[in-house]
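So the structure is just underneath, and the comments pick up after that.
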Amino acid sequence: MKAYPQRALRYSSHVASEVLIVIPTLGQRVKYLHETLESIRSQSVPVDIAVIIPGEATRARALAQDFGAQVLEDPGSLPKAINRGVASAQPHHKYVNWLGDDDLLTPNSLRTCIQALKRNPQSVLAYGACRYVDTEGKELWVSRAGKWADRILAWGPDLIPQPGMLIKTQSWQQVGGVDETLSHAFDLDLLLKLRPLGAFTPVDSIVSCFRWHPDSLTVSDRSKSLDESEAIKRRYLSPTQQKLKWVWENPVRVATRIAARRLNNRAYRLSAAKSAG
């Protein structure tokens, strides 16, 4: 088993972190998990980490402990794991989010989001652009929806990159976290629940990286994800909007599939170029 060096915490123990980042993982992608943890520990603000992981994933558990993370037992589903991690938040944790075990934060991104929230006290979350990368970390595309993402959320595609969000803990608790009955689009449901509580503040920088590869949940199960997203949006539509949903649902579905296909093609081209080289 590959040994990873013990990580010294950047901040002394008396510095209370305002941020809690939750990482749900099955412990099967230790290399990516290491990169995720490194991207968090390299932030310019103190961060507490909760890793939700099955007991049998001993290698990944040891890695998480090396990075000073709190390790919690996996409750059996992704949304349950996210809620369990956030439930471990302490009073000093003003902001929360979760990352997949292959997602990354860009340098200084948490400070950027915290500053945006403090400048806009009426906001419940901040979000920035997200860089989509392949399995080797090469850029495929950058999502820069900005202020338009919030405006079209209720009916259009969800353009707010989940790894790049930072949510006020109080707001998370008000809406009860993610819906544990959902399996794909619980992040969209969370956003729609948060919208009535306050503004969403975009920041003008890339704050996260989403790794696009065949076993990503939203990639491999695209049709189920789209079906669940549509069902969730219908929950929040007015009676008049319900009657008009046919106007946008199919175009949004088609546009989402086209975007996914383009990303896949880009990833395949990069992979082929690497093999040829």
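Read the figures in this text as sums done on the coordinates, not as results from a lab. Remember, predicted model here, so these are calculated numbers, not experimental data.
Details
- Equivalent-ellipsoid semi-axes for region 38-117 (Cα gyration tensor, √(5λ), whole Å, largest first): 22, 15, 11.
- Across q = 0.15, 0.20, 0.23, 0.26 Å⁻¹, region 132-219 modelled as identical point scatterers on its alpha-carbon atoms has Debye log10 I(q)/I(0) values of -0.64, -1.09, -1.32, -1.46, in the order of the q list.
- Taking 20 °C and 1.002 mPa s as conditions, region 38-187 diffuses translationally at an estimated 129 µm²/s according to Stokes-Einstein applied to its Kirkwood radius (Cα pairs).
- Out-of-range pairs (alpha-carbon distance over 31 Å; input Lys118/Lys224; Lys80/Lys118; Lys31/Lys118; Lys31/Lys233): Lys118/Lys224; Lys31/Lys118; Lys31/Lys233
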